[in-house]
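Nothing in this text is a laboratory measurement; each read-out follows from the coordinates by a stated rule. Computed from a predicted model, the values in this text were never measured in an experiment. Using ideal geometry, Cβ is built from the backbone for each residue, glycine included, and neighbour counts are taken over all protein chains shown.
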Amino acid sequence: MRDAPGTRDYDWWLVAILAAICALGVIEIYSATHGSALAGMHLKQIRWLVVGVVLMFALSRVDYHVIMDQAPILYIIGIAALLAVLLVGHTRFGAKRWIPVMGEFLQVSELVKLIIIIVLARFFAEVRTDELSLQDLIKAGLIVGLPLALILKQPDLGTALVLMPMLVVGAFLAGLQWKHAAAIVLIGVLMLPAGWHFLKPYQKERVTSFLHPEEDAKGSGYQVLQSKIAVGSGGFWGKGFGNGSQNQLGYIPVRYSDFIMSAWAEEQGFKGVLLALGLYMALLLRLVQNAQRAKDRAGMFLVMGVAAALGFHVLVNVAMVIGAMPVTGIPLPLMSYGGSATLFVFLAIGLVMNVRLRRFVN
Amino acid sequence: MSYWFRNDNRLPQERLAAASYVIVGMIALLLLGFWKLQVIDSDKYGQLAERNRVRSIPIIAPRGRMLDRDGRVLVDNYPSFSVLLLRDDSAAVDKNLPAIADGLGLSLDDLKEQLNNTINLPKFQPIVIKPEATPADVAFIESHRADVPLLEMLMVHRRRYLPGGFMSHASGYVGEVSEQQIEASNGRLRPGDFAGKSGLERQYNDLLMGTDGMRRVVVNSVGKEMKEMRLSQQEAIPGKQIQLTIDYDLQEVAEKALADKKGAIVALDPRSGEILAFVSRPAPDPNDFAVRVSKEEWQRLNEDEDRPLLNRVTQAQLAPGSVFKIVMATAMLESKVPAENFTAFCPGSATFYGRQFKCWVYGKGGHGVVNLHAAIVHSCDVFFYNVGMRMGIDRISKYAKMLGLGSKTGIDLPSEEPGLVPSEEWVQRVFHHKWYPGSTISVAIGQGAVTVTPLQIAYAIGGIASGGVFKQPHLLKDAARVGEMHVDLAEDTVEQVTQGMYGVVNEGGTGGAIKLQGIEFCGKSGSAQIMSNTERNRLGKGLSQNKDNAWFVGYAPRRNPEIVVTVLVEGGEHGAGTSGPIVRDIVKAYYDKKEKKNQGQATTALRKDELGNSENRGTPESGKAAVKPEESAAVLSTSEKKKARP
């Protein structure tokens, strides 16, 4: 083992950005729930944050090479957990995603996301060529394909989709050839109608209501419309903390979780959005910087896997809130309320810290 | 540890940099999306949020009450609840419609039809789907607020009329506005609103109807009203109360007198044109229409042979019979054709143009030689046949029209009928043939083509007895402008005609049985055939439909009367026998009340002196406007008993 890094080596800027985002989340969770039956939710979120921070520092202490060493075993554990959740998992909101852990329900797929980041980083780190061969690309695709299929089976389209950018970004950095990329896009387009066939009815509904919101005034089209009303009515300056009518009167769907950006945008206005998205941009750019300064390709892939996952979360969630993408049920990292999702983000950042701590060590 | 990583330091810096640009581009795109919503389209979404949040519920303005001339309440309101359907969200409406129909006990098809009818209204405007909510409906709405957040209760004011169709043809009734009314109202009326459909309710709808207010409440996403969030509300402006010229006491006497009979009564003060009593029977009870009248009920009323929806005072156009002789007498004296001292011999019938015309005493002898006075007093047909023959139809027509027949009196009620005064020109125009001179003979005694309304008779007789001053009849006490018609009648004409009518009652004439002690009570009877004698014989005599209409017009005092009363009893046969006593009772009630009022004033004056009260109390009735009609009616009947045998 190499020398243990000191506290000075942590990325404190990254910690500060994370803390700021978490603070916005807690503030808005409080605003969205304080007058309702869900009051006190912000305290629960703080508890998750504390646990997350502890896990983050804990994970950063274990050399990522050691962790990546166990990639095959982690992969097997992940697949087994996904199978287990399909067999004995707890059904909530019509999908089998949860298994009970220490009195709380944890989403197995969040853990699997983390495992896939590690496994993919390991896989791409082992590719020695500057250009990614088709063979390796297909292998990587299969590594992701199995858990993806199992997650889709739960069904959890959102989480399944998050695996894709990890693969894409990984492959890109591993030297994806343009001709392969073009071929994949072409196949993807051709496969689209077939893929449609495999979607669950509620997923199809989400997509159709995204394309034709006026036809579905009470379903997810309604949710998006209410979200847009909330965002738009916030204006530039916002309605003020606790003053968003869409938020306070419950017009925004799951306003403390998936649609928290909608509540934030209503009460804080465009200036608040500027702050929030600015923080996310800082976070993502900071991750890329950490990747650039990683000691080796393994570390770089690890960090960029995390960046891909978080960036995709931010993009899909925020685009959904403003009606630019269909409703997929992907939370906004660290702002949306949620135990599993919060823990995933902190563990992922833990991996990033891990890489950072060891950048000067040879 | 395996050495799979081998410290490979070749990092794809270019591709990492590209990732940075992608991140910046992504965030910029998202910000662009927010900019569009929050800055460019902010107003639009602001309004949508407001519409989400705020629900406007109308506050219905109460309609103005109707009071009688002494301030007693004739038409009132009572509170009731209507069920509103909020239609903002049409998908939810469609989905919940069956549940709503089921819960409120409405027919789903009717409900759908109603929704279709209001499809052009703004979506945020709720519609009334059930006017009179039962306690069960209220419970249904309250318990389903969460799952059916489309129903709202609305406090409304329903009309309450006096029971039994009391004065209902004058008051009219209100009903849900029709499409035409909505279009004609310039946005003042909305579907589900109530407006006057007939009678005074319609005539003075603009006065009676107030302006609805608007309550704005904050509702959450499941339709629950957030009571703690208060918004400004626009108060309703109540409709104006109107005072009528109707005298409840006289109206009551008139209503009771006509009871189940088919006919009409109108009493008015010819000095002002104020209508004191107004009865048309049979009368529907407008309380039955106060909520919503069913199609069957409406059809039944329209097809009823007794025609309860016909306002007989202003719309029954019937032959006046002998009452018309007053018009003839006036015409004769004014035109001097024949001369004033004209006499005729009545053997019981007379022959004109080769046809026999009977006098009403035919078969019981004749009137002998009669002059104008005797002819009025005894209602001699033969005398007036002769007068009519000499005058000719156009002169009769000219004077009848001059005295207000054949045209509307201008009463403040909708749909008044003008009656008909025939003339040569009229026959030519309508029947395209020349006037048959024989027809003039019938018209001379108020038969044939001439028709009048009971109101016209009261108007004409009142005008003649007032020396040619015809005041426009009206029901609104504070009528802004009362029309006045002056007919130049010679003093002698008025004197002779009124003497004749005085004789009818007081000199053993046809109305000899209905004298009133101490009152110059005058009148004229009429028993008008509905069809000619020959026709009647053909159809059979016993049919009540073919019975003569009984008319009596009475007034007092003889000159410049204070009250004129016309009574029409359809199929009442004998004018003097059937209608005369009703007129007498009403005139008597009028004088009894007047006397009581004078006494009352005397006692008030006395009390005022005793107490040293300087306040001018006025008449006792107007002093206590809230006297219940029943109470004063009771007072009236005791005083009647007291005075019955003087």
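Can you list the GluC sites (Glu not before Pro) in region B:303-338 that are in a DSSP coil and have 12 or fewer other beta carbons within 10 angstrom?
Listed in order of number, the matching sites are B:Glu305.
Using alpha carbon centroids, what distance separates region A:335-359 and region A:232-272, in Å?
If you average the Cα positions of each part, the centres end up 27 Å apart.
Hey, what number do you get for chain B at 222 nm if only DSSP H runs of n ≥ 4 count, each worth -39500 (n - 2.57), divided across all residues, to the nearest 500?
It comes out at -12000 deg cm²/dmol, rounded to the nearest 500.
Between B:Lys364 and A:Ile184, what is the spin-label point distance in nm, taking each point 7 Å from the Cα along the Cα→C-beta axis?
With each label placed 7 Å out from Cα toward Cβ, I get 12.1 nm.
Over region B:381-446, one equal point on each Cα, no solvent: what is log10 I(q)/I(0) by the Debye formula at q = 0.20 Å⁻¹?
Result of the Debye calculation: -0.81.
Treating the beta-carbon of each Lys and Arg as +1 and of each Asp and Glu as -1, no other charges, what is the dipole magnitude of the protein assembly as shown about its Cα centre, to the nearest 20 debye?
1520
Based on other C-beta atoms within 10 Å, arrange B:Trp551, A:Trp12 from fewest to most.
Ordered from fewest to most neighbouring Cβ atoms within 10 Å, B:Trp551, A:Trp12 come out as A:Trp12, B:Trp551.
Once you list every other residue whose beta carbon is under 14 Å from the beta carbon of A:Phe236, what net charge do they have if Lys and Arg are +1 and Asp and Glu are -1?
Here the count lands on -1.
How high is the relative contact order of chain A, given as a whole-number percent (alpha carbon pairs under 8 Å, six or more residues apart)?
Details: 539 pairs, mean separation 100.7, N = 362.
The value is 28 percent.
Within chain B, which whole H helices from DSSP have a Cα span along their axis of at least 18 Å and a mean Kyte-Doolittle hydropathy of 1.0 or more, if any?
Membrane-span-like by this criterion, though nothing is claimed about a membrane: B:13-35.
Using a cut-off of 11 Å between beta-carbons, work out the net charge of the residues near A:Arg255 (Lys and Arg +1, Asp and Glu -1, A:Arg255 not included). Working shown, then result.
Working: positive: none; negative: A:Glu28, A:Asp258, A:Glu266, A:Glu267.
Neighbourhood net charge equals -4.
Relative contact order (percent) for chain B, with alpha-carbon contacts under 8 angstrom and 6 or more residues of separation?
Details: 1266 pairs, mean separation 85.4, N = 646.
Value for chain B: 13 percent.
Note down the magnitude of the dipole of chain B about its Cα centre, charges +1 on Lys and Arg C-beta and -1 on Asp and Glu C-beta and zero elsewhere, to the nearest 20 debye.
340
Rounded to whole Å, give me the distance from the Cα center of region A:108-180 to that of region B:1-80.
37
When the dipole is taken about the Cα centre of region B:54-243, and only Lys, Arg (+1) and Asp, Glu (-1) are charged at their Cβ, what size is it in debye, to the nearest 20?
Using Cβ point charges on Lys, Arg, Asp and Glu, region B:54-243 gives about 580 debye.
Toward the positive end of the charge dipole of the protein assembly as shown, about the Cα centre and with charges on Cβ (Lys, Arg +1; Asp, Glu -1), which of B:Leu85, A:Val162, A:Val207 goes farthest?
A:Val162
Determine the calculated [θ] at 222 nm for chain A from helices alone, applying -39500 (n - 2.57) to every DSSP H run no shorter than 4 residues and normalising by the residue count; nearest 500 deg cm²/dmol. Walk me through the numbers on the way to the answer.
Numbers: 14 runs with 249 residues, N = 362.
Rounded to the nearest 500, the figure is -23000 deg cm²/dmol.
Would you compute the Debye intensity of region B:358-476 from its alpha-carbon atoms alone, equal scatterers and no solvent, and pass along log10 I(q)/I(0) at q = 0.11, 0.17, 0.19 Å⁻¹ to two decimals?
Normalising to I(0) and taking log10 leaves -0.44, -0.95, -1.09.
Charges on Cβ only, +1 for Lys and Arg, -1 for Asp and Glu, centred on the Cα centroid of chain A; of A:Gln226, A:Val62, A:Ser36, which one is farthest towards the dipole's positive end?
A:Val62
How big is the antiparallel share of DSSP beta bridges in the protein assembly as shown, given as a percent to the nearest 5?
95
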